[in-house]
Amino acid sequence: MPGVEACLDQAMAIPGAIGASVVDCTTGVALGTAGAAPEDHEAAAAGAAEVVTAVTARGPFTSALPEDGLEDLIITTAGGYHLIRRLPTDFDGRLVLYLWLDRERGNLAVARRGLQDLGVDLLTH
Amino acid sequence: MKLGAPAKPRQVLEDLAGTEATGALHIGGASPGLLHLVGGRVEHASSVKVPGVGDLLTLSGRLPDSVWQAAVEEGGNDARVGELLVGQGHLTEGELQLCVLSVVHDAAYFVLGDEPVQVRFESDRRHWLGPVAAVDTGTVLTEVDRRARLLAEIADEPRLDTGPVTPTPRLRRDRIRLTALQWELIVHADGRATPTDLARRLGRAGYACLQAVRGLFADGLVRVPGTGAAIRTAPVPPPEPQVAVEALIAGGAVPKEVPRSVPIVAPRPPSDPPEKTVELPHAGEASASRGFRLPRRKPAKPRGDAEPAVPPDEALLHRLRTALRGMT
């Protein structure tokens with residue numbers, strides 16, 4: 001049962017991790033951060049929230065079917081991977097885990113799976 | 001510090017953060033609330049306008065009311081409520097932290113206004129939930145400003161925040177798109193509740209509700225409270241069975257093979273008095289007591305379900321009989 005800080009420490013232990021944060025997508029504020037971020041954590045959080053909102057509220061990518069909500073978003077660049085994983089809270093949270101990964105050292109599938117497990121650990125018993 | 005001349009809460013907060021103060025800052029004004037500081041950082045925040053940690057956890061169904069109440073009663077006096085909930089396995093530490101942090105930003109937006117209000121600082125007073133998480137005062141204030149800016153970007157109409165949520169009665173378009181929160185707000189809008197009333201009622205973050213309502217306004221789905229004419233509505237007219245049946249026959253919609261055993265029952269106007277006597281029908285009479293039917297060649301089996309008895313309309317009966325005769 002880790003807290004936010006322990007969860008982010010574990011995220012940083014994922015191979016290739018450069019930085020991680022928990023972001024409230026209501027406005028794009030970081031509630032916890034670890035490591036580095038593109039530009040800074042504030043900008044990364046705001047950017048992650050923008051992308052999530054574009055997909056969930058404006059884009060046609062999440063269907064209207066029940067239980068078919070967003071799970072994660074992956075942005076790949078020449079130098080890195082950016083993983084955004086939704087944290088499904090029971091209380092009224094609009095939260096995501098954000099992980100910045102080095103492209104050379106990171107493995108996308110491993111990181112995605114790791115982030116998924118961290119999200120589960122953070123919110124369930 | 002005692003209740004003194006009105007001051008800007010954010011200025012007071014900055015001063016307290018500068019001295020790394022610990023205690024509770026009571027903020028008055030139109031949306032009163034409390035900020036709990038520890039070493040100049042914000043540990044808890046609450047506002048009368050938004051749901052608190054307990055509201056979010058219980059209204060969402062995450063915790064039963066009894067569990068929350070028991071923890072507050074047992075640990076409230078020595079600030080161990082959070083510790084008990086996590087220690088007893090009702091919540092994870094992460095969940096509680098994230099919930100508290102969300103509430104801090106949500107409540108701070110409502111209590112840290114620009115208007116001078118009565119403020120009072122109570123030194124060393126700690127929050128009953130206990131230490132869970134803390135946010136730098138600078139981060140809190142930056143976020144308050146950002147929240148105000150984001151609302152104005154969606155729709156610069158602050159009257160939406162404080163007046164009743166007023167859905168547009170008729171839309172001149174074919175289709176609309178809503179978020180789940182917007183749907184919830186529209187469903188529960190009763191013409192009186194403001195966005196924050198609904199937030200507290202539904203256990204949704206207050207600022208998120210402001211945001212959702214501004215978005216609804218930008219899409220033309222709600223209007224500024226007190227503006228625009230109400231849509232004209234007529235009282236619901238009583239049903240007109242004759243017209244309906246005539247239209248059916250005139251339109252040729254009656255099938256050639258009329259299902260003889262299917263009754264055509266004229267709906268009874270809702271104002272009819274209820275039946276005075278109730279008799280248990282026996283098999284042979286059951287159908288007769290269930291209203292007007294077309295003439296039949298074979299006696300139909302009695303129907304099991306009850307239908308209201310309706311006095312036959314002689315003129316309608318005649319027209320129907322004539323029409324059906326013409327078809328066979």
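Descriptive notes on the structure:
- Qualifying residue in the stretch A:70-77 (condition: exposed (fewer than 12 other Cβ atoms within 10 Å of the Cβ) and either under 19 Å from A:Thr33 (Cα atoms) or out of contact with any Ser or Thr (no Cβ under 6 Å at 6 or more places or on another chain) (or both)): yes
- Residues that are in contact with a strand residue (DSSP E or B) (Cβ under 6 Å, 6 or more places away or on another chain) and more than 14 Å from chain B (Cβ to nearest Cβ), drawn from the stretch A:1-16: A:Met12, A:Gly16
- Top-ranked residue of the stretch A:95-125 - restricted to ones that are within 14 Å of chain B (Cβ to nearest Cβ) and without any contact (Cβ under 8 Å) to a residue 60 or more places away in the chain, ranked as nearest to A:Ala44 (Cα to Cα): A:Gly119
- Every residue from the stretch B:104-120 that is within 14 Å of another protein chain (Cβ to nearest Cβ) and aliphatic (A, V, I, L, M): B:Val104, B:Ala107, B:Ala108
- Residue satisfying condition, being of a type in the set (A, V, I, L, M, F, W, C) and either within 13 Å of another protein chain (Cβ to nearest Cβ) or more than 30 Å from the chain's Cα centre (by Cα) (or both), within set B:Leu129, B:Leu101: B:Leu101
- Test result for B:Ala152, within 14 Å of another protein chain (Cβ to nearest Cβ) and buried (at least 19 other Cβ atoms within 10 Å of the Cβ): no
- Residue in the stretch B:166-178 that is more than 12 Å from every other protein chain (Cβ to nearest Cβ), within 23 Å of B:Ser102 (Cα to Cα) and surrounded by fewer than 20 Cβ atoms within 10 Å (Cβ to Cβ) present: no
- Of residues in the stretch B:39-69 being surrounded by fewer than 17 Cβ atoms within 10 Å (Cβ to Cβ) and of a type outside the set (Asp, Glu), the one nearest to the other protein chains (Cβ to nearest Cβ): B:Gly61
- Test for A:Thr53: is it part of a loop (DSSP other than H, G, I, E, B) and among the β-branched types (Val, Ile, Thr): no
- Scope the stretch B:182-205; condition of a type outside the set (A, V, I, L, M, F, W, C) and facing chain A (nearest Cβ under 10 Å); matching residues: B:Gln182, B:Gly203, B:Arg204
- Only one entry in B:Val42, B:Val53, B:Val81 is within 20 Å of B:Val135 (Cα to Cα), in contact with a strand residue (DSSP E or B) (Cβ under 7 Å, 6 or more places away or on another chain) and in contact (Cβ under 8 Å) with a residue 40 or more places away in the chain, namely B:Val42.
- For the condition more than 20 Å from B:Arg201 (Cα to Cα) and surrounded by fewer than 19 Cβ atoms within 10 Å (Cβ to Cβ), B:Gly82 does not qualify.
- Of the numbered criteria (1) within 14 Å of chain B (Cβ to nearest Cβ); (2) more than 12 Å from the chain's Cα centre (by Cα); (3) not acidic (Asp, Glu), the one A:Gly35 fails is (1).
- Among the residues of the stretch B:206-213, some residue qualifies, meaning at least one is in contact (Cβ under 8 Å) with a residue 60 or more places away in the chain and under 21 Å from B:His36 (Cβ atoms).
- Any hit, the stretch B:23-30, residues being in contact with an Asp or Glu (Cβ under 6 Å, 6 or more places away or on another chain) and more than 14 Å from every other protein chain (Cβ to nearest Cβ): yes
- None of B:Thr92, B:Thr22, B:Thr58 is among the β-branched types (Val, Ile, Thr) and over 19 Å from A:Gly93 (Cβ atoms) except B:Thr22.
- Scanning the stretch A:50-69 for residues that are surrounded by 13 or more Cβ atoms within 10 Å (Cβ to Cβ) and touching a Ser or Thr at 6+ places or on another chain (Cβ under 7 Å) yields A:Val55, A:Thr56, A:Ala57, A:Thr62.
Readers should treat all values here as calculations from the given coordinates under stated rules, not as data from a laboratory. This one's a predicted model, so the numbers in the text were calculated from it and none came from an experiment. In this analysis, Cβ positions are derived from the backbone assuming ideal geometry, glycine residues included, and neighbour counts consider all displayed protein chains.
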